[in-house]
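Working notes, beginning with the structure itself.
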Protein chains: 2
Amino acid sequence: MATQTAAQRREQAKVEYDAFLAQCPSRALLDRISDKWVVLVLCALGGEGGRDEGTPAAGPAPLRYSELARRLAGVSQKMLTQTLRSLERDGLVTRDVTPTVPVTVAYALTDLGLSLREVAQGLRVWAQANMGEVLTNRDAYDARTS
Amino acid sequence: MATQTAAQRREQAKVEYDAFLAQCPSRALLDRISDKWVVLVLCALGGEGGRDEGTPAAGPAPLRYSELARRLAGVSQKMLTQTLRSLERDGLVTRDVTPTVPVTVAYALTDLGLSLREVAQGLRVWAQANMGEVLTNRDAYDARTS
DNA sequence: CAGGATCCCGCTAGATACTG
DNA sequence: CAGTATCTAGCGGGATCCTG
C-alpha cells in the first residue's frame, strides 16, 4: 500500500507545521479541536462527570452513546455523532460495537486522545474557574461603553 | 452602582459553574474560548511568532493591530477586530490607544489573559506536534471505510 | 439503542467600500 | 493605521422523521 510513502513524506516534514500559517494543515486541525463539543466529549470520556469529584484522574472508562448524550446536556444527536466520527477518524477515540440486540456502542479515548484530553480539561476548568471574573469584567466594560 | 450586588451574587455561586450543563454560563464561555482565532491571538500576544523560537517565555510584548494581522495569516479585519473586542470585554487583553497621526493601537495580555494563554498554547502546540499522526490515522480510517 | 437522511433556518465569516 | 459599515453567500447546526 502507499501508506508508507505518505508516512515518509510526513516524517521529513514533521517539524514544519505552523498553525499561524493559513495554508498549514495544523491550522485546520486547530480549528477542529477548538470546538466546544470536542472539548466536552474528551473531558467526558476522560472520566469527568462535570464537577471535580473525588476521582482525580480515573482511568478512561468507555462510555456508551446514550451516556455521552446525557452528560453533554443540550447536544443534538447530529453534533454528537458528527463529533465522535471526527474524533474517531483522527484517531482520538475508539468506537466498539457489540452486536447485542439492540446494538451497544462504546467510545473510549486512545492514547492520542488522552494527550489532547489534558489540554481540553484545561480549557473547561479555566472556563469554570474564571467565569466569575469574566462576568465582572464584562459588567465593567459594558458600563464604561454604554 | 449595582456592580457590587452583582459581584456578590456571583461570589456565593463561585464554585457552581459546570460547563456540562447547557444553561450554565461557563458553557457559553467555553464556546467563546474554544475558537481558532482566540487561541492564535492569545498565542501571538504571548510572544509566539509561530514556531518555538529561542525565547521560551518572553514577556507579553504588546502588539499593534497591523502586527497581529500579519502574524495571524489569513484573518479578516472583521474577525480580528471582533475577536479582540471580545477578549477586551472579557478582560483578557488590554487595548491602548496612542493618539498619534495616524493613531497607534497596542494590544497586550492581562494576567487573566496570560493564564488562558497557557492553555491556548497547549492547544496550538498539540495541533502542530500531532498533525502527522492525525494525518496517518485519517488515511487508515478512509482506507478502511472506502 | 445508535444512529442515518433530510429539510431548513440563522448567523457568521468573508468580501468590499468607506472613514477619522 | 485601525478600524466601522453594509451586504451577501454559505454552512453550521437544530429539528424532525426514519431504520437495522
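The values are calculated or read from the model by the stated rules, or taken from the named source; none is laboratory data. Predicted model only: the values in this text are computed from it and were never measured. When we count neighbours, we look across all protein chains shown, and the Cβ atoms used for this are built from the backbone with ideal geometry, even at glycine.
In segment A:125-142, how many residues are among the acidic types (Asp, Glu) and over 16 Å from B:Ala19 (Cβ atoms)?
Residues flagged as among the acidic types (Asp, Glu) and over 16 Å from B:Ala19 (Cβ atoms) within segment A:125-142 amount to 2.
Would you confirm whether or not segment B:104-115 contains a residue that is more than 7 Å from chain A (Cβ to nearest Cβ) and more than 20 Å from the chain's Cα centre (by Cα)?
Yes, there is a match, as at least one residue in segment B:104-115 is more than 7 Å from chain A (Cβ to nearest Cβ) and more than 20 Å from the chain's Cα centre (by Cα).
Check whether at least one residue in segment A:117-126 is buried (at least 20 other Cβ atoms within 10 Å of the Cβ), over 12 Å from the mean Cα position of the chain (by Cα) and not β-branched (Val, Ile, Thr), and report yes or no.
yes
May I ask you to list pairs of residues, at least six apart or on different chains, whose Cβ atoms are under 8 Å apart, with the first in segment B:17-42 being more than 7 Å from chain A (Cβ to nearest Cβ) and surrounded by fewer than 18 Cβ atoms within 10 Å (Cβ to Cβ) and the second being in a loop (DSSP other than H, G, I, E, B) and among the charged types (D, E, K, R)?
B:Arg32/B:Asp90
Going by what's in this entry, would A:Gly132 be described as within 30 Å of B:Val93 (Cβ to Cβ), loosely packed, with under 14 Cβ neighbours inside 10 Å and within 11 Å of another protein chain (Cβ to nearest Cβ)?
On the way: within 30 Å of B:Val93 (Cβ to Cβ): yes; loosely packed, with under 14 Cβ neighbours inside 10 Å: no; within 11 Å of another protein chain (Cβ to nearest Cβ): yes.
Against the criterion (within 30 Å of B:Val93 (Cβ to Cβ), loosely packed, with under 14 Cβ neighbours inside 10 Å and within 11 Å of another protein chain (Cβ to nearest Cβ)), A:Gly132 does not qualify.
Taking the conditions exactly as written (within 16 Å of DNA strand D (Cβ to nearest atom), of a type in the set (A, V, I, L, M), modelled with pLDDT under 95 and surrounded by fewer than 20 Cβ atoms within 10 Å (Cβ to Cβ)), does A:Ala73 satisfy them or not?
Answer is yes for this residue.
Residues A:Gly122, A:Gly74, A:Gly91: which one is more than 22 Å from B:Asp35 (Cβ to Cβ) and either within 11 Å of chain B (Cβ to nearest Cβ) or β-branched (Val, Ile, Thr) (or both)?
That would be A:Gly91, the only listed residue that is more than 22 Å from B:Asp35 (Cβ to Cβ) and either within 11 Å of chain B (Cβ to nearest Cβ) or β-branched (Val, Ile, Thr) (or both).
Of all residues in segment A:69-116, which are near DNA strand C (Cβ under 8 Å from one of its atoms) and in contact with a strand residue (DSSP E or B) (Cβ under 7 Å, 6 or more places away or on another chain)?
A:Leu84, A:Arg95, A:Val97, A:Val103, A:Thr104, A:Val105, A:Ala106, A:Tyr107
Having 3 or more residues that are at pLDDT below 80 and of a type outside the set (A, V, I, L, M) is the bar; report the helices (runs of 4 or more DSSP H) wholly within segment A:1-52 that clear it. Give the steps one after another, and end with the answer.
Working: elements: A:3-12, A:25-33, A:36-45.
Counting at least 3 such residues, we get A:3-12.
Name the single residue, out of those in segment A:84-105 being of a type in the set (Val, Ile, Thr) and away from DNA strand D (no atom under 13 Å from the Cβ), that is nearest to B:Ala129 (Cα to Cα).
A:Val93
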